[in-house]
Amino acid sequence: MRIHNLYVDEDGETHFRDIEIEWKNQERVGRNSETFPASGISFWETPGDYDYEWHPAPRRQYIINLDAGVSIQASDGETRIIEAGEVILVEDTHGKGHFSKALNGKLRHSIFVPID
């Protein structure tokens with residue numbers, strides 16, 4: 001299972017990379033990974049006209065898109081579409097940040113899971 005990761009380098013530039021989640025256990029009902037730490041959960045509804053200019057993430061957190069995607073641009077110029085059902089770990093809490101924008105005017109529901 002792959003998740004997107006947005007991180008900042010020592011020069012303050014943000015970049016994307018992929019993180020492959022490793023399966024640790026095989027159960028009758030499926031496979032699962034190790035348990036990762038988290039400090040809460042919040043539910044979001046983001047309007048279809050969402051267009052959030054350059055900003056760093058407020059905290060390290062996973063964002064899980066439920067029913068629509070989002071376009072995110074890193075400061076190095078790479079843009080990724082994070083679709084419904086995909087997960088991103090944002091870790092660019094300082095530096096130049098990222099730019100995010102709604103896709104196709106769609107309302108988006110998502111889950112934010114802080115890890116700090």
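Below, the figures for the structure above:
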item	result
Matching residues, segment 14-40, being open to solvent by 100 Å² or more (accessible area, probe 1.4 Å) and either of a type in the set (K, R) or in contact with a Phe, Trp or Tyr (Cβ under 9 Å, 6 or more places away or on another chain) (or both)	R17, K24, R28, R31
Residue in segment 74-95 that is surrounded by 14 or more Cβ atoms within 10 Å (Cβ to Cβ), assigned to a loop (DSSP other than H, G, I, E, B) and of a type in the set (K, R) present	no
Test: D11 is under 29 Å from L107 (Cβ atoms), in a loop (DSSP other than H, G, I, E, B) and open to solvent by 100 Å² or more (accessible area, probe 1.4 Å)	no
Candidate set: segment 48-65, residues that are hydrophobic (A, V, I, L, M, F, W, C) and not in a loop (DSSP other than H, G, I, E, B); chosen: the one least open to solvent (accessible area, probe 1.4 Å)	I63
Check on H94, under 13 Å from A57 (Cα atoms) and touching a Ser or Thr at 6+ places or on another chain (Cβ under 9 Å)	no
Yes/no for A68 being closer than 14 Å to G48 by Cβ, over 11 Å from the mean Cα position of the chain (by Cα) and open to solvent by less than 40 Å² (accessible area, probe 1.4 Å)	yes
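The values are calculated or read from the model by the stated rules, or taken from the named source; none is laboratory data. Everything numeric here is computed off the predicted structure, so don't read it as measured data. Here Cβ is always computed from backbone atoms with ideal geometry, including for glycine, and neighbour counts include all displayed protein chains. Ligands, DNA and RNA are stripped out before the accessible areas are found, and what is left, the full protein with its side chains, is counted by its heavy atoms. Shrake-Rupley method; radii C 1.70, N 1.55, O 1.52, S 1.80 Å.
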